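Peer 1: Would you mind keeping the following structure in view while I ask a few things?
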Amino acid sequence: MKAMTSKTVLLISLVLGVVMSLSLMTWGWRQLNTPMQLSEPKIIELSAGRPLLKVLDELHREDVIQQTLPLKIWIRLTVDGQHLHAGEYRLTPGMTPLEMLSIIEQNQLVTYSTTFVEGINFKELRQQLAQAPKLRHDTEGWSNDTIMSRLGAEGVHPEGQFFPDTYVYRKGASDLDIMRLAYERMQSVLNHAWAERDDTLPLKSAYEALILASIVEKETGVPRERGEIAGVFIRRLQRGMRLQTDPTVIYGMGEAYEGHIRRSDLRRKTPYNTYRINGLPPTPIAMPGQAAIEAAVHPQPGDSLYFVARGDGSHVFSATLAEHNQAVRQFQLQRRDDYRSSPAPNPAPKSTSPVDDPAEVNKESQ
């Protein structure tokens, strides 16, 4: 009878133990899959000084996670020993603790982006990177020469050497990293375009094509005109005519440019004043996009040698000086109230914070 009683007690104890274990497992699983208390997205950061378990304790103190024990046990069983990447992770409303752990295990770090638009110059590029959030500003105080040297392009002028695009990065990335990506992308795009260039171009190198592309980029934002504008400049170069393009004058004026060009500016000889120098200026004047580069190496055939702004952003092209002068009288001497020589500019996109899906005043030619 006593033996039966002992067996019964043992059986009851085992049953109770199993029931309690199942209850604890059920409770723990429920905690792991219960949405965290978030009314808006929240960014957490892992680092050497803030390991995952410490972050969990902080989330518990903030009442984001009600119970940390189940998650800590789960981490010990499934994650312990794995290398977790330091950086920022975004928690979103409705996310469960297990889902949080999943994005951390999968290295789904928060990313940011900065967009370089076509036509900006290197000074503007540096200013934009200086304002980019969560970026490490290693190049602050560096000279342009130092930057190019660190990019492996010692002695290369930086203007036009960086490809306009959206670049994605994570917190702590260096501004030099972004420059390197943009520089390497431009070399790739330019070299490919140069290899496929038209045979009759009066250009001696890919660099000259880059210079021409930068002028095309600054002369118009109307896509359909790029090839024709490039054609005008190519024909002028072939005939020994000066390019006479205002964006080069503006670039050569530097800080002295105040929004308009005077006749005295056109007469002043600078390395970039294409009213006074023959051929191309010594360097690009801006950051050309791929369409402008393609236009420079595949100019549109034709006989036009001149163009003048209509005032709505587009241009009138002429083959003779007489036709051009007539167009100047029509569109320049009697300007419309809302006259502009190029399309209304789009504001340069600001650096954004954060993103979800990473993807690693011009005037007319005379």
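The values are calculated or read from the model by the stated rules, or taken from the named source; none is laboratory data. The model shown is predicted, which means the values in this text are computed figures rather than measured ones. No Cβ is skipped: glycine too gets one built from the backbone with ideal geometry, and neighbour counts run over all protein chains shown. Calculation scope for accessible area: heavy atoms of the full protein, side chains included, ligands and nucleic acids excluded. Shrake-Rupley method; radii C 1.70, N 1.55, O 1.52, S 1.80 Å.
Peer 1: Quick one: the Cα spread of the stretch 260-311 along its three principal axes, in angstroms, biggest first?
Peer 2: Principal-axis extents of the stretch 260-311 (Cα, largest first): 34, 27, 22 Å.
Peer 1: A further question follows. Over the stretch 81-216, with every protein chain in place, what whole percent of the accessible area is carbon and sulfur at 1.4 Å, could you tell me?
Peer 2: Numbers: 2710 of 6160 Å².
Of all accessible area on the stretch 81-216, carbon and sulfur atoms account for 44 percent.
Peer 1: I've got another one for you. For the stretch 186-259, compute Rh as the Kirkwood radius over C-alpha pairs and then the Stokes-Einstein diffusion coefficient at 25 °C and 0.890 mPa s; write the answer in µm²/s, rounded to an integer. Before the final figure, lay out each step's value.
Peer 2: Numbers: Rh = 13.5 Å.
The Stokes-Einstein estimate is 181 µm²/s.
Peer 1: Same structure again: Only sites in a loop by DSSP and with at most 13 other Cβ atoms within 10 Å count here; which GluC sites (Glu not before Pro) in the stretch 143-203 make the cut?
Peer 2: Values: sites: GLU154, GLU159, GLU184, GLU196; in loops: GLU154, GLU159, GLU196.
Listed in order of number, the matching sites are GLU154, GLU196.
Peer 1: Excluding ALA296 itself, what net charge comes from residues whose Cβ is under 14 Å from its Cβ, given Lys and Arg +1 and Asp and Glu -1? It would help to have the intermediate numbers written out before the result.
Peer 2: Details: positive: ARG197, LYS204, LYS218, ARG226, ARG235, ARG236; negative: GLU118, GLU196, ASP198, GLU208, GLU217, GLU219, GLU225, GLU228, GLU294.
Local net charge: -3.
Peer 1: While we're on this one: Can you give the accessible area per residue of the stretch 55-184, in Å², using a 1.4 Å probe?
Peer 2: On the way: 6180 Å² over 130 residues.
On a per-residue basis, the stretch 55-184 sits at 48 Å².
Peer 1: Normalized C-alpha radius of gyration of the stretch 119-239, against 2.2 N^0.38 Å? If you can, show how the numbers build up before the last one.
Peer 2: Numbers: Rg = 16.2 Å, N = 121, 2.2 N^0.38 = 13.6 Å.
The stretch 119-239 yields a ratio of 1.19.
Peer 1: Same structure again: So what's Rg/Rh here for the stretch 166-290, counting alpha carbon atoms and using the Kirkwood radius for Rh? Write out the running numbers ahead of the final one.
Peer 2: Working: Rg = 16.4 Å, Rh = 16.1 Å.
Expressed as Rg/Rh, it is 1.02.
Peer 1: What are the ³J(HN,Hα) values, in whole Hz, obtained from phi via the Karplus relation 6.51 cos²θ - 1.76 cosθ + 1.60 with θ = phi - 60°, for each residue of the stretch 106-113 in sequence order, with x given for Gly and Pro?
Peer 2: 8, 6, 8, 6, 5, 10, 10, 9
Peer 1: Another question about this same structure. Enumerate the calculated ³J(HN,Hα) couplings along the stretch 295-308 in order (Karplus 6.51 cos²θ - 1.76 cosθ + 1.60, θ = phi - 60°), each rounded to whole Hz, writing x wherever the residue is Gly or Pro.
Peer 2: Values, residue by residue: 5, 5, 9, 9, x, 6, x, x, 10, 5, 10, 9, 8, 9 Hz.
Peer 1: What does the net charge come to around LEU125 if you take all other residues with beta carbon closer than 11 Å to its beta carbon, with K and R at +1 and D and E at -1? Show your work: numbers first, answer last.
Peer 2: Details: positive: LYS123, ARG126; negative: GLU124, GLU159, ASP175.
Charge balance in the 11 Å sphere: -1.
Peer 1: Using amide H atoms built 1.01 Å from N in the peptide plane, name the residues 5+ places from THR111, or on other chains, whose amide H lies under 5 Å from its own.
Peer 2: VAL355
Peer 1: Give me, ordered by chain and number, the residues 5 or more places off TYR306 or on other chains with an amide H under 5 Å from its own placed amide H.
Peer 2: Close amide H contacts, sequence-distant or interchain: SER318.
Peer 1: Quick one: work out Rg over Rh on the C-alpha atoms of the stretch 37-157, Rh as Kirkwood radius. Mind dumping the intermediate values first?
Peer 2: Numbers: Rg = 20.1 Å, Rh = 17.6 Å.
Rg divided by Rh gives 1.15.
Peer 1: In square angstrom, what is the accessible area per residue of the stretch 225-267 with a 1.4 angstrom probe?
Peer 2: Working: 2020 Å² over 43 residues.
On a per-residue basis, 47 Å².
Peer 1: Mind listing the phi-derived Karplus ³J(HN,Hα) values for the stretch 252-258, rounded to whole Hz, using 6.51, -1.76 and 1.60 with θ = phi - 60°, and x for any glycine or proline?
Peer 2: Karplus values, whole Hz, x for Gly and Pro: x, 6, x, 5, 6, 6, 10.
Peer 1: Same structure again: Can you give me the C-alpha center-to-center distance between the stretch 204-218 and the stretch 126-186, rounded to a whole angstrom?
Peer 2: With the stretch 204-218 and the stretch 126-186 each reduced to a Cα centre, they are spaced 21 Å.
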